[in-house]
Amino acid sequence: MEQFIEDSSLEGWKRIGSGGFGHIYKARHRQWAYDVAIKLLRPDDGSNESLLREIEMMRQATSPYVMAVRGVFKGLPPNATSDLSTQLGVVMDLMKRGSLASLQEALDGPPPWPLVFRLAHQVALGINFLHSLTHPILHKDLKPQNVLLDDSLNAKLTDFGLSRISYSVAQVSRKDDGWGTTNYMPPEAFVLSYKPKRASDIYSYGILLWSILTGKQPYKDAKAAIVEVQVPKGQRPPIDDIKGDAAGLTELKELMKRCWDEIPEERPQALECTTKAEKLYQMHEHAIFDAVYEVLKKLEQKEKEDKGINELFQRTQIAKASESDRFEEEDVVDNIRKGPPPIQEQKEEEDKGMKEQFQRTQIVQDSESDRLEDVDVVGNIRKGNPQIQGRKKGDTSRGPLGDSRTFGS
């Protein structure tokens, strides 16, 4: 029975990726109290009964080497428009270390040999589990992006069995459609009558082994149309790109070439791949702890560097924004000076003129007052005023109340 998880049960949505199926979000489940990953599939168009059956079948497929499907999301994602109908999604555990593809990008090459052989073994374990179910599940899209890593860099397969879902998603491209990704697809896939089989997954596993060994993407710079033509003609990724030497490497390369054989019936079964990969990994198992520790230290260092770069970028952007604001302010001032004076400047000019006129009037009045006082002084002297007679010649001060300062001085 399906376990539906409604949008009300989830909080703190954050978009963390996207793919042919749709957008991938991280959110916290309120009742479970931990983060989960939600892969939204498509709006509900009334034909979801078969999708629910397929997801339920995936939910029952539990293995340490495949991603656990915890339930079916049914609801609306955050910030959804009002005209969007209910969407379905697959709720899975959140793998904080990301995918094998992100690991390859971070390391800029393959991981240490012990981890290479463990990845080859664990991916084979996941394929063999899916192929061995009572109702076998074909993965149909094996590639580094669909190999997720836990905190100890153990591999788990994801996006398995979603053929009907991925094929029905709108706006899918031929390069990454419902039948897989072109660069990892077998030669028989480019025929119109193609129907995926277990051997199809085995071919993809062989190409994936090459990617694990080299840290590269096959046919990276080739257009999908060219790959579709060249692969059926026998074109494969160059074996010379596999550098270095390690115990069991020759045997692993031989397994890889058998897996990508042109004839599906000549490819090994998943169980044989698992058995051979296990024996090869056992040669390196004693060194796996040191290999994982080495990689985790590199990832931690890269995270610090990326964080520093992001912080520097943010500071640079803030500085640029401040500089831009300063230039805009200077431009505003220049424009004001070049244009007609604003009302405030006109008023200041008028006030300044009034003050100057007032000062001139005061000066004239003070001069007139001084002249009259001089006349009065002369008159008082003639009358014998003793106070005036005591003033010295040239002393024109008017005492403590005779302050002659003008307004604005």
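Listed values, structure above:
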quantity: 5 angstrom amide H check on PHE73, placed H, neighbours 5+ away; calculated: ILE5, GLY89, VAL90, VAL91
quantity: Efficiency of FRET between ARG53 and THR275 - r from beta-carbon atoms, R0 30 angstrom, step 0.05; calculated: 0.40
quantity: Compactness of the range 110-152, expressed as Rg and Dmax over alpha-carbon positions, Å; calculated: 11.9, 36
quantity: Residue order, fewest to most surrounding Cβ atoms within 10 angstrom, among SER200, SER132; calculated: SER132, SER200
quantity: Alpha-carbon gyration tensor eigenvalues x 5, square-rooted, for the range 240-325, Å; calculated: 46, 19, 11
quantity: Cα gyration tensor shape for the range 97-318, rounded if a/c is under 1.5, else prolate or oblate; calculated: oblate
quantity: Exposure proxy ranking, count of Cβ atoms within 10 Å, fewest first, for LYS302, LYS140, LYS26, LYS297; calculated: LYS297, LYS302, LYS26, LYS140
quantity: THR62-HIS286 pseudo-label distance in nm [points 7 Å out on the Cα-to-Cβ vector]; calculated: 3.7 nm
quantity: Semi-axis lengths (Å, descending) of the ellipsoid that matches the C-alpha gyration tensor of the range 200-284; calculated: 23, 16, 9
quantity: Calculated FRET efficiency for the pair SER132/GLU294, C-beta based, R₀ 51 Å, to 0.05; calculated: 0.90
quantity: Fully extended contour minus Cα-Cα distance, from ASP108 to VAL229, at 0.36 nm per residue; calculated: 40.6 nm
quantity: 21 Å Cα-Cα threshold exceeded, pairs from LYS197/LYS223; LYS14/LYS96; LYS96/LYS156; calculated: LYS197/LYS223
quantity: The range 85-144: projected area of the alpha-carbon convex hull, averaged over directions, in nm²; calculated: 6.4 nm²
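We did not get these values from a lab; they are worked out from the coordinates using the rules stated. Since the structure is predicted, the reported quantities are computational estimates derived from the model, not experimental observations. For neighbour counting, all protein chains shown are included, and Cβ atoms are generated from backbone atoms with ideal geometry for every residue, glycine included.
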